[in-house]
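J.: Take this structure, written in structure tokens, and hold onto it; I'll ask about it next.
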Amino acid sequence: YFGDRFNTGMGVYGLQHIIYLTQDTYLQTTFSQSTSDYDFDNDSLGQLVYDREAFDNYASRLQLLLNKKVNARNTLRVGIIGSRLGYNLFSEYNNRNQDRFITLVDDKGHTYFLQAYGQWQHRFNEDITLNAGMHFSQLALNSNNAIEPRLGIRWKLDPTSTLNFGYGLHSRMESSTI
């Protein structure tokens, strides 16, 4: 007899608003919320251990993007993203030789993640486009910062083929459940 139970879920919703400041400039505002959860109960008869785990993550994000078409060949974009990242972590086990559970993790909290970026797009002609930019991020939990350059070139060889080259540093924040 195995009494394992495993559930996982996720949900996301968002709202976006665009306002044109001029014919060539717009401001895009995006708000989103997401949640994910993981629950596991392990109650296998014949084993000495009973486990319970619950890991929940949730995020609220606000993004502002300003896009300015300077001329027919050049476009500039700058933006910021502010995130409030929450977590609820719980893990316990019971050695069947004992009458009580031992809690390994029981922590709730949140932190903030800030990102800012800038991008310049230049069209040399109808076939060749350059994208260059920088991305900055800071995690409030440990005050870690990252500054990452980005570069991309697109060359349209013919109406059905393109050659793309990209370079960039792309750091990633690990999940709080790891």
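The values are calculated or read from the model by the stated rules, or taken from the named source; none is laboratory data. This is a predicted model, so every value here is computed, not measured. Please note: Cβ atoms are built from the backbone with ideal geometry, for glycine as well, and neighbour counts cover all protein chains shown. Each accessible area value is taken on the protein alone, full model and side chains, heavy atoms only, with ligands, DNA and RNA left out. Shrake-Rupley method; radii C 1.70, N 1.55, O 1.52, S 1.80 Å.
J.: Could you give the radius of gyration (one decimal) and Dmax (whole number) of the Cα atoms in the chain, in Å?
T.: That works out to 23.7, 75 Å for Rg and Dmax.
J.: I would also like to ask the following. Share of the chain's accessible area from carbon and sulfur, percent, 1.4 Å?
T.: Numbers: 6840 of 12210 Å².
Its accessible area is 56 percent carbon and sulfur atoms.
J.: Could you tell me the calculated FRET efficiency between S60 and D158, based on Cβ-Cβ distance and R0 = 45 angstrom, to the nearest 0.05?
T.: Working: r = 45 Å, r/R0 = 1.01.
Given R0 = 45 Å and the Cβ-Cβ separation, E is 0.50.
J.: Now, a different point. Provide the gained length on full extension for the span L151 to M173, in nm with one decimal, where the gain is 0.36 nm per separating residue minus the Cα-Cα distance.
T.: Details: separation 22, 0.36 × 22 = 7.92 nm, distance 2.15 nm.
Taking 0.36 nm per residue and subtracting the Cα distance, the gain is 5.8 nm.
J.: Here is a further query. Note the full-extension length gain between L141 and H122 as 0.36 nm times their separation in residues minus their Cα-Cα distance, in nm to one decimal. All intermediate terms of the calculation are to be shown ahead of the outcome.
T.: On the way: separation 19, 0.36 × 19 = 6.84 nm, distance 3.70 nm.
Full-extension gain reported as 3.1 nm.
J.: Taking the Cα centre of the chain as the origin, how large is its charge dipole in debye, to the nearest 20, when only Lys and Arg (+1) and Asp and Glu (-1) carry charge on their Cβ atoms? Write out the running numbers ahead of the final one.
T.: On the way: 16 positive and 18 negative charges, 231 e Å.
Once rounded to the nearest 20, the dipole reads 1120 debye.
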